[in-house]
């Protein structure tokens with residue numbers, strides 16, 4: 001099953017943007033919501049010129065959210081890609097956790113349980129194990145993971161599928177100037193996701209190789225993890 | 001992060017900071033160290049390096065802003081590569097007036113180096129077909145430049161080596177084409193004098209003409225000329241990017257005088273005088289059929305000698321080629337083209353009417369550098385110049401002699417921009 005009609009929150013974030021490219025290329029109709037109207041317009045023009053895509057956009061507001069939720073029945077894919085890596089602690093928790101949880105609770109409450117709907121939510125590999133750098137970011141994303149796992153259970157009898165996406169280190173405005181481990185391009189992250197459509201409920205790592213790596217990292221005894229931290233640049 | 005140029009001579013660490021959106025603020029900050037915009041890093045020399053400061057990578061500015069199919073213009077982000085643009089425009093019947101010979105370079109880079117192609121004779125270089133662009137300068141902010149508006153800055157930025165500001169988008173006039181195929185002719189030539197004479201003659205009947213020359217002999221060349229096919233092709237041209245790639249740095253000894261001599265000889269022997277029809281991308285972007293071909297030269301990379309001799313002295317070109325042949329260096333491929341009379345727009349644009357020669361040389365230590373210095377002297381003595389986008393050896397004096405407009409350019413250079421090339425030419 002390919003998505004026919006997708007609603008993308010945070011569409012100007014690099015990975016969501018590339019995901020929009022892949023979807024538009026495949027003929028999906030897109031409705032994009034993000035903070036900056038100028039950026040959304042630029043993305044929409046680009047998608048129209050490249051793929052002749054059917055694209056709508058709206059800058060983020062309560063009104064836009066309300067309209068999106070009202071028309072929720074029209075969509076078969078919802079992508080939530082909110083995230084910030086740097087900033088005051090309150091912003092980190094707010095954007096990465098609170099905002100997403102509030103949005104999801106509304107979506108799940110509105111969605112028709114008889115209609116197939118995939119909800120892709122972007123978490124991070126940073127949520128898998130705490131480390132000194134990105135501590136607040138990782139914690140917020142871990143909280144999100146926890147919430148998503150709960151909602152997934154809640155929805156198990158319905159046709160709503162909740163998918164947690166955990167991208168590895170990716171070149172994007174968010175990671176500018178940072179040292180990255182096995183970095184990928186946002187395009188590869190998006191392609192790796194699209195290749196696996198339709199996704200079943202659960203957690204997916206993207207690109208795939210992060211799956212086994214993070215399993216090992218999670219299972220590593222603490223003393224060994226400390227040693228690896230010392231050798232890593234990140 | 002290590003950022004290298006395509007010739008891979010420098011191994012000094014470079015700090016790369018990508019720009020994704022043209023409304024971002026951070027790269028306008030005066031407090032940042034000296035900066036240099038960088039596209040795909042496909043220039044061969046040190047033009048795209050800035051060891052002392054930071055590199056603003058523009059490949060995130062890869063969005064099409066507007067495509068006017070009626071007037072045949074496209075407005076696109078400076079970070080889009082030539083291949084990405086062609087992939088969108090060719091199915092709709094448009095190509096560039098001037099296709100640089102690589103699909104990997106970015107549009108912004110093509111403006112900053114005023115890139116040329118095989119049809120310079122009739123169409124001029126990349127800068128000749130630009131309508132306008134946006135430039136982000138440190139003190140003035142965003143400036144839209146065109147031939148009418150901010151025209152001095154417009155002319156300084158074309159061929160301006162990225163030193164006048166960050167180009168964010170470019171509006172380009174496109175050439176309507178009936179087909180994405182070319183039809184042309186190959187012919188062997190047996191003397192360089194014949195070759196240079198035929199270059200002019202062939203330009204009367206073909207748009208894209210170049211002469212491949214074997215620098216290991218005195219009598220082997222292949223002249224290739226082609227025009228856009230007039231009728232629509234039924235064949236599909238296939239993907240733009242080749243799957244064939246050089247996976248790792250080849251051992252350095254694989255490219256030596258003997259193997260290259262054999263390669264050039266074989267290339268000549270397998271060519272026949274013939275007519276051909278093939279996709280434009282295979283014809284113009286020959287080297288792109290093999291991704292990462294620069295790895296063939298091994299980890300120490302290669303140097304590129306790319307010069308033009310003005311028309312009044314072009315009968316001296318064979319002597320320079322002879323000097324290059326006799327010097328015992330290891331050339332790989334040598335391409336000769338003719339530049340036409342279309343005046344270049346940029347203050348530091350490379351093309352002048354005459355004969356252009358481009359050759360890759362394996363890097364063999366200081367010996368190669370010394371040989372380049374000798375050839376550079378001969379070229380400049382004949383009123384010629386080296387292409388700054390591929391240069392590694394040009395001296396400040398040679399630069400000032402061969403690019404007489406350097407002074408007027410320097411006034412438009414953004415004071416907070418710099419590059420390794422500029423540090424070398426204007427210490």
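The values are calculated or read from the model by the stated rules, or taken from the named source; none is laboratory data. Since the model is a prediction, treat every value here as computed from it, not as a measurement. Heads up, the Cβs are rebuilt from the backbone with ideal geometry, glycines too, and the neighbour counts pull from every protein chain shown.
Residues that are over 23 Å from the mean Cα position of the chain (by Cα), within 14 Å of another protein chain (Cβ to nearest Cβ) and outside any loop (DSSP other than H, G, I, E, B) within the range B:1-49 comprise B:15, B:17, B:26, B:27, listed in sequence order. Please verify whether the range B:309-330 includes one or more residues that are assigned to a strand (DSSP E or B) and at pLDDT 95 or above. Yes: the range B:309-330 contains one or more residues that are assigned to a strand (DSSP E or B) and at pLDDT 95 or above. Among the residues of the range B:266-284, those that are part of a helix (DSSP H, G or I) and over 15 Å from residue B:223 (Cα atoms) comprise B:266, B:280, B:281, B:282.
Of everything in the range A:51-73 that is more than 25 Å from residue A:95 (Cβ to Cβ) and out of contact with any helix residue (DSSP H, G or I) (no Cβ under 6 Å at 6 or more places or on another chain), the residue that is nearest to the other protein chains (Cβ to nearest Cβ) is A:52. Restricting attention to the range B:404-426 and to residues that are outside any helix (DSSP H, G or I) and in contact with a helix residue (DSSP H, G or I) (Cβ under 8 Å, 6 or more places away or on another chain), the residue that is farthest from residue B:54 (Cα to Cα) turns out to be B:426.
Residues are listed down the side, and each one gets a yes or a no for (1) in contact with a helix residue (DSSP H, G or I) (Cβ under 8 Å, 6 or more places away or on another chain); (2) buried (at least 22 other Cβ atoms within 10 Å of the Cβ):
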{"site": "B:29", "(1), (2)": "no, no"}
{"site": "B:43", "(1), (2)": "yes, yes"}
{"site": "B:55", "(1), (2)": "no, yes"}
{"site": "B:68", "(1), (2)": "no, no"}
{"site": "B:73", "(1), (2)": "no, no"}
{"site": "B:110", "(1), (2)": "yes, yes"}
{"site": "B:120", "(1), (2)": "no, yes"}
{"site": "B:128", "(1), (2)": "no, no"}
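Among all residues of the range A:35-42, there is none that is more than 13 Å from every other protein chain (Cβ to nearest Cβ), more than 27 Å from residue A:150 (Cα to Cα) and without any contact (Cβ under 8 Å) to a residue 40 or more places away in the chain. Of the candidates A:102, A:17, A:23, the single residue that is in contact with a helix residue (DSSP H, G or I) (Cβ under 9 Å, 6 or more places away or on another chain) and away from chain B (no Cβ under 14 Å) is A:23.
Total residues in the range B:55-75 satisfying the condition of being within 9 Å of another protein chain (Cβ to nearest Cβ), closer than 27 Å to residue B:418 by Cβ and not in a loop (DSSP other than H, G, I, E, B): the figure is 0. Can you find, within the range B:390-402, the residue that is nearest to residue B:10 (Cα to Cα) among those that are part of a helix (DSSP H, G or I) and in contact with a strand residue (DSSP E or B) (Cβ under 8 Å, 6 or more places away or on another chain)? So, considering only residues that are part of a helix (DSSP H, G or I) and in contact with a strand residue (DSSP E or B) (Cβ under 8 Å, 6 or more places away or on another chain), the one nearest to residue B:10 (Cα to Cα) is B:390.
Candidates B:135, B:161: the one that is away from every other protein chain (no Cβ under 14 Å), within 20 Å of the chain's Cα centre (by Cα) and surrounded by 20 or more Cβ atoms within 10 Å (Cβ to Cβ) is B:161. For the range A:135-234, the helices (runs of 4 or more DSSP H) that sit wholly inside it and include 3 or more residues that are within 14 Å of the chain's Cα centre (by Cα), more than 14 Å from chain B (Cβ to nearest Cβ) and at pLDDT 90 or above are A:135-154, A:186-195.
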